[in-house]
Amino acid sequence: MARINLDHIRHAYGAKPKSETDYALKEVNHEWNDGGAYALLGPSGCGKTTLLNIISGLINPSEGRILFDGTDVTHLSTQHRNIAQVFQFPVIYDTMTVYDNLAFPLRNRHVPEAEVDRRVKEIIEMTGLGGWAKKTARRLTADQKQKISLGRGLVRSDVSAILFDEPLTVIDPEMKWVLRSQIKRLHKQFGFTMVYVTHDQTEALTFADKVVVMYDGQIVQIGTPAELFERPRHTFVGYFIGSPGMNVLPADIAGDRAAVGGESIALNFQPKVAAGARIELGIRPEFISIGREGMPVAITKVEDIGRHKIVRARFADRPISIIVDEDGEIPAEPRVTFDQKAINIYADSWRVGEEA
Amino acid sequence: MEKTWNNKAWFMVLPVLVLVAFSAVIPLMTVVNYSVQDTFGNNEFFWAGTDWFQDVLESNRFWDALIRNLIFSAIILAIEIPLGIVIALNMPKKGIGVPICLVLMALPLLIPWNVVGTIWQVFGRVDIGLLGRTLASLGIHYNYVQNPLDAWVTLIVMDVWHWTSLVVLLCYAGLVSIPDAYYQAAKIDGASRWSVFRYIQLPKMKRVLLIAFLLRFMDSFMIYTEPFVVTGGGPGNSTTFLSIDLVKMAIGQFDLGPAAALSIIYFLIILLLSWIFYTVMTTSDAQG
């Protein structure tokens, strides 16, 4: 277990990066607290896996340093970093038995056989693979194989951190829930530092204390699930978190009022925006209420998804989404009001704070 | 949907049947025909029963050649399979080196058998060959025309040169199909280089190795052209393999009966051994 520091890490896969766009991972400065459960959330190709592989030492970063508990490990090999990592697709040693698969990481480190046996039995019990222990791993189904991969990550008790690279992609939904709770329980029990890469927001939000959102090779926001929901720092976070994502509308700012199309919306703060910046107003579908008062909208479609309805509409000639209660009424001439507290203003995609 | 029942399908397979009949069944049956009869020309045949088979099986000539064949195949497999694996493991996985290595590896495979034989025949000659002259000037007495051991070494080196690439290419195909995640997981698990080979690479190469093993066994057991060109079966009978003996018998001496019997025995031996190897290897695969 360790505190992990990423100090000005950058990475490019090409040999000689010339411009910022050549970097798969733009500058990252971040500290992962000892015993924290983090989720790395972002779309495919945003650099999540690159960042993870830099932590585990499978990739050497082009620039920057990595520190475990203050010790520089940048040039230490994976074997010496004492990291466990679970990959997206199951990796099993298919000529070995399930038991030997789980014992492999321990035996390679010359752990005494009695200790190996104790740890492996514990993991076998946790994953519910009891009947399989003595059988070759080859005959297992995909999700059983992935359980073994997970098990090999969890079997070592002394690791600095456990990294998960979308480990539950191949597992069916019901089992996903079970395994995720087991990982969470283990985290509580042993206090490993855990980094969990995913592109599934539900998975990220339920797993982690802190969610790190990545976009286009950089970390755009680190926060609790609530912070990401209420105050997305970047319009991307707004889009990406929430279902449907935040409505982002081009706007003009004049004092404490924002103009969207022909409508003027009062704000509860005065955003300080630089001249010439591209200004947008962000509001989540949950914070728009529909009724007979307010600004006119034209409804294009209503999707009833069971718990609530999603209203797709055009507002100031822009598509917006609104969430309405399951039994909420939609008037014939609908109008909308925005919850003032939930409005975020963005300049060039980055949020302009109330304090600024 | 209504199904039409007729025998038109048989017409569709007819061309293949004809082709197989002319290329395999008819020649094979001709051989069977010769093996059980005696002929003195003029298309007159006399029933000989199993006499030719008995003759062949009782002759030292047959057993000596068979043992030479088995020793040759064993040596070839013992060298080419491990060597092929080692080369495949050390080939580059990406970059410009890949096409270069692949072309270099494929080159010997593209050369016709008799040309390979001629190349080595000239290469090893003591009077004009590069290898022969070099060895002679180094004071090493090497002459594949006179010394049986030298003849064997020449044939083995030649076969290794000619066919190891096949094993390499097959193994390489097995190796590149291993996803990166396996190597990464092995690093995370702290596996040694040997463990990576033993538990990741070897299991993934198993199937292609089986094919390589069978192909190399069958080919080396049937070897004819190269020893015929290089040594002609000599010195003495030291490199007279079954195939060379067979040709001598059939075309040199025109002993069609014994030659036909030998052909069938030869064919059955290859079939039997290949079947044994295949069964042993696939059942160990299923159990392992």
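The values are calculated or read from the model by the stated rules, or taken from the named source; none is laboratory data. Computed from a predicted structure; not experimentally measured. In this analysis, Cβ positions are derived from the backbone assuming ideal geometry, glycine residues included, and neighbour counts consider all displayed protein chains. Heads up: the accessible areas ignore ligands, DNA and RNA and are worked out on the full protein's heavy atoms, side chains in. Shrake-Rupley method; radii C 1.70, N 1.55, O 1.52, S 1.80 Å.
Figures for the structure shown
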read-out: Strands (runs of 3 or more DSSP E) contained in segment A:257-333 and holding at least 3 residues free of Cβ contacts under 8 Å to residues at least 24 places away in the same chain, more than 17 Å from A:Met246 (Cα to Cα) and in the same structural domain as A:Ile345 (by TED's automatic domain parsing); value: A:298-304
read-out: Considering residues of segment A:69-97 that are of a type in the set (A, V, I, L, M, F, W, C) and open to solvent by 30 Å² or more (accessible area, probe 1.4 Å) only, the residue farthest from the other protein chains (Cβ to nearest Cβ); value: A:Leu76
read-out: Pair list, Cβ < 9 Å and 6+ apart or interchain, from segment A:8-33 residues that are under 17 Å from A:Val213 (Cα atoms) and not assigned by TED's automatic domain parsing to the domain that holds A:Tyr215 to residues that are at pLDDT below 80 and in a loop (DSSP other than H, G, I, E, B); value: none
read-out: Top-ranked residue of segment A:66-84 - restricted to ones that are of a type outside the set (Val, Ile, Thr) and without any contact (Cβ under 8 Å) to a residue 60 or more places away in the chain, ranked as farthest from A:Arg152 (Cα to Cα); value: A:Asp72
read-out: Segments classed as helices (runs of 4 or more DSSP H), wholly inside segment B:129-207, with at least 2 members that are more than 14 Å from chain A (Cβ to nearest Cβ) and within 21 Å of A:Pro90 (Cα to Cα); value: B:148-176
read-out: Matching residues, segment B:46-67, being in contact (Cβ under 8 Å) with a residue 12 or more places away in the chain, exposed (fewer than 14 other Cβ atoms within 10 Å of the Cβ) and not polar (S, T, N, Q); value: B:Gly49, B:Leu57
read-out: Residue count, segment A:218-251 (criterion: touching a His at 6+ places or on another chain (Cβ under 7 Å) and either in a loop (DSSP other than H, G, I, E, B) or closer than 15 Å to A:Tyr346 by Cβ (or both)); value: 2
read-out: Residue check, A:Thr235 open to solvent by less than 70 Å² (accessible area, probe 1.4 Å), of a type in the set (S, T, N, Q), at pLDDT 85 or above and over 27 Å from A:Lys184 (Cα atoms); value: yes
read-out: Of residues in segment A:28-52 being among the hydroxyl-bearing types (Ser, Thr, Tyr) and touching a strand residue (DSSP E or B) at 6+ places or on another chain (Cβ under 9 Å), the one farthest from A:Val195 (Cα to Cα); value: A:Thr50
read-out: Some residue of segment A:68-76 being out of contact with any His (no Cβ under 6 Å at 6 or more places or on another chain), within 26 Å of A:Lys188 (Cα to Cα) and among the β-branched types (Val, Ile, Thr); value: yes
read-out: Pick from segment A:13-68, criterion closer than 30 Å to A:Gln182 by Cβ, away from chain B (no Cβ under 14 Å) and among the small types (Gly, Ala, Ser), ranking: farthest from the chain's Cα centre (by Cα); value: A:Gly35
read-out: Output for segment A:164-217, where each listed residue is of a type in the set (Val, Ile, Thr) and assigned to a helix (DSSP H, G or I); value: A:Val178, A:Ile183, A:Thr202, A:Thr206
read-out: Answer from A:Gly131, A:Gly153 - the residue that is assigned to a helix (DSSP H, G or I), out of contact with any Cys (no Cβ under 8 Å at 6 or more places or on another chain), touching a residue at least 24 places away in the same chain (Cβ under 8 Å) and assigned by TED's automatic domain parsing to the domain that holds A:Tyr93; value: A:Gly153
read-out: A:Ala133, sole failed condition from (1) in contact with a Phe, Trp or Tyr (Cβ under 6 Å, 6 or more places away or on another chain); (2) within 12 Å of chain B (Cβ to nearest Cβ); (3) over 30 Å from A:Leu67 (Cα atoms); value: (2)
read-out: Qualifying residue in segment B:97-112 (condition: part of a helix (DSSP H, G or I) and closer than 20 Å to B:Phe221 by Cβ); value: yes
read-out: Close pairs (6 angstrom Cβ cut-off, 6 or more residues apart or separate chains): facing another protein chain (nearest Cβ under 10 Å) and of a type in the set (Asp, Glu) in segment A:98-127, open to solvent by less than 40 Å² (accessible area, probe 1.4 Å) and assigned to a helix (DSSP H, G or I) anywhere; value: none
read-out: Pair list, Cβ < 8 Å and 6+ apart or interchain, from segment B:20-32 residues that are farther than 16 Å from B:Trp47 by Cβ to residues that are surrounded by 11 or more Cβ atoms within 10 Å (Cβ to Cβ) and of a type in the set (Ser, Thr, Tyr); value: B:Val31/B:Ser263
read-out: Subset of segment B:211-237 [part of a helix (DSSP H, G or I) and open to solvent by less than 30 Å² (accessible area, probe 1.4 Å)]; value: B:Ala212, B:Leu214, B:Arg216, B:Phe217, B:Ser220, B:Phe221, B:Glu226, B:Pro227, B:Val230
